[in-house]
Amino acid sequence: MSHYDSLLEKVRELDDLNKAAALLSWDREVNMPRGGAAERIAQMTTLSSLIHRMSTSDEFGGLIEDAAAELDGAAYDSNEASLIRLLRRNYADARKLPDEFVARSSAVSGQAREAWVQARTASDFAIFRPWLEQVVGLCQEMAELYGYEDEKYDALLDKYELGMKTAEVRAIFSDLKAELVPLREAIDRSPVKIDDSLLHQPYDVERQKAFARTVAEAIGYDFNRGHLGTVIHPFATSLSRNDARITTRWYPDFLCPSLFGTLHECGHAMYEQGTAAELARTPLARGTSLGIHESQSRMMENIVGRSRGFWHAHFPALQALFPEALGGHTAEAFYRAINKTQPSFIRVEADELTYNFHIILRFELEQAMLNGDLAVADLPAAWNEKMRELLGVTPPDDSQGCLQDVHWSRPGFGYFPTYALGNLYAAQFFETATAADPAILAELAEGRTTALLAWLRENIHRHGRKFTPGELVRRVTGQPLGHAAFMRYATAKFGELYEL
Ligand code: ZN
């Protein structure tokens, strides 16, 4: 047996354990009775400490290095060399965080989350403040443990968007801001006002479920290798390329969360369904980064799912399911309603265009807190100031301001920017795809995505995690990530809608 085969055997064992942990976690959100919580936490803790022990052991490190020596000279884009690169990185990272730090960080996060719930309910930042100070401290500590060359934030960003530098994101976001703020202001001044009240009417939940399945299938989500569950906070989880699950929530009086949430999670799951079969049971069989993952979900949710062609094709079926709500409306009115854009306070309710401002704001504030340029006590004022600068509105209270997201109850700085990077990657990929294959737009005008999905499979999905996001975007589009494709897309779409 070669060293590489021995390594592969261990990697597959570890992957099986990771998937068992993922299943416990999926089950907790979707099926578990509330009474099962305490034992479930114990089960998940046992499994994760077993995984941590195995994946940081000297033995595992030795297996990686023996296999690496044996494979010396393997082509960079071969599965073998790609797996070794990924394992080396993960192994080094996992050994950088001492057990004591991991335990302390998880204890603080648990308590900070409780405090955040109370603070948000009472809209009282003072309750959360001491916990956020601890979380910022943990982020600073973590940055030092991981290490960095240029700036602290790099160490954290790298865990979500491998290889990307803070300076690069800062430059892209600053270009984006310079063009997006004037576009947003032009829309505010436009005499065109879009009425989206048709979306806020009674919509029977069972029929919403039926339609969610219809649109999921229409964009190419494979239910033979998928599953749709109901949860409070939707997510996608994959146990293998043949079992990539999505979840959705249902509102009886608002159509958008289930509809666009389903399309979004399908985008994530279809990425996982598209990874090459030969990568199975290794950590390569996953989307390569949060930002690239988000590009797939945003493409399906927004570029496809909020396009005119898609709804001219699928609106009649939706109308037939909801004759009372939609009988008197046209596909065009529906298309306009789902693309209404306006500044709002809450990130998760923001539209496709203004969403990016919510992320730029968090990215800037995270850096300021991490670098010690902004004291946690001054966060609410700094938040409101940036809301005025970017969106032209001031939150009426902190629960609709700096207390709205759960993210800052754990040391996860660096995560937020991936949401907006996803929008930018999506536009850049889509532009490349439609230039390469004109059938993509022709099909989309008829509500179909076969050609688009084939292109995504070939150029992005099948590679799994073989390439870093920076490598992938250059391979696929010939250029590094930028803001220009997104601005071309947004200017054309919203310029037409708002007659700019
Ligand atoms: Zn997502």
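Quick look at the numbers
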{"quantity": "Dimensionless Rg ratio for the chain, taking C-alpha atoms and the 2.2 N^0.38 Å reference", "calculated": "0.98"}
{"quantity": "Within-11-Å neighbourhood charge of residue 440 [Cβ basis; K, R +1; D, E -1]", "calculated": "-2"}
{"quantity": "Pairs beyond 30 Å (Cα-Cα), from 19/159; 159/340; 10/466; 340/386; 152/340", "calculated": "159/340; 152/340"}
{"quantity": "Distant-in-sequence amide H partners of residue 229 (H built 1.01 Å from N, under 5 Å)", "calculated": "246, 247, 248"}
{"quantity": "Residue order, fewest to most beta carbons within 10 Å, for 376, 473", "calculated": "376, 473"}
{"quantity": "Note, ³J(HN,Hα) from phi for region 74-81, Karplus 6.51, -1.76, 1.60, rounded to Hz, x at Gly and Pro", "calculated": "5, 4, 3, 8, 6, 4, 5, 5"}
{"quantity": "18 Å cut-off, amide nitrogen to a point 7 angstrom out along residue 340 Cα→Cβ, residues in region 194-234", "calculated": "194-203"}
{"quantity": "Order of 157, 403 under a 10 Å beta carbon neighbour criterion, fewest first", "calculated": "403, 157"}
{"quantity": "Interchain or long-range residues, amide H under 5 Å from residue 240's placed H", "calculated": "none"}
{"quantity": "Packing-based order for 40-51, 390-401, using average beta carbon neighbours within 10 Å, highest first", "calculated": "390-401, 40-51"}
{"quantity": "Inter-label distance for residue 320 and residue 123, nm, one decimal - labels placed 7 Å from Cα along Cα-to-Cβ", "calculated": "4.6"}
{"quantity": "Cβ-Cβ FRET estimate between residue 57 and residue 406, R0 fixed at 25 Å, reported to 0.05", "calculated": "0.15"}
{"quantity": "Pair residue 9, residue 200: separation of 7 Å Cα→Cβ label points (nm)", "calculated": "6.2"}
{"quantity": "Distant-in-sequence amide H partners of residue 286 (H built 1.01 Å from N, under 5 Å)", "calculated": "465"}
{"quantity": "Inter-site label distance for residue 30 and residue 377 at 7 Å from Cα along Cβ, in nm", "calculated": "4.8"}
{"quantity": "³J(HN,Hα) computed for each position of region 353-367 - Karplus, 6.51 cos²θ - 1.76 cosθ + 1.60, integer Hz, glycine/proline x", "calculated": "8, 6, 3, 4, 5, 4, 7, 4, 4, 5, 4, 5, 6, 4, 4"}
{"quantity": "Efficiency of FRET between residue 107 and residue 442 - r from beta-carbon atoms, R0 51 angstrom, step 0.05", "calculated": "0.35"}
{"quantity": "Estimated vicinal HN-Hα couplings, Hz - region 24-30 in sequence order (Karplus 6.51, -1.76, 1.60; Gly, Pro = x)", "calculated": "4, 6, 4, 4, 4, 6, 9"}
{"quantity": "Value at 222 nm in deg cm²/dmol, rounded to 500, when DSSP H runs of n ≥ 4 in the chain each add -39,500 (n - 2.57)", "calculated": "-20000 deg cm²/dmol"}
{"quantity": "Dimensions in Å of region 3-150 - Rg and Dmax from alpha carbons", "calculated": "19.5, 60"}
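No value in this document is a laboratory result; all are computed from the given coordinates. Since the model is a prediction, treat every value here as computed from it, not as a measurement. When we count neighbours, we look across all protein chains shown, and the Cβ atoms used for this are built from the backbone with ideal geometry, even at glycine.
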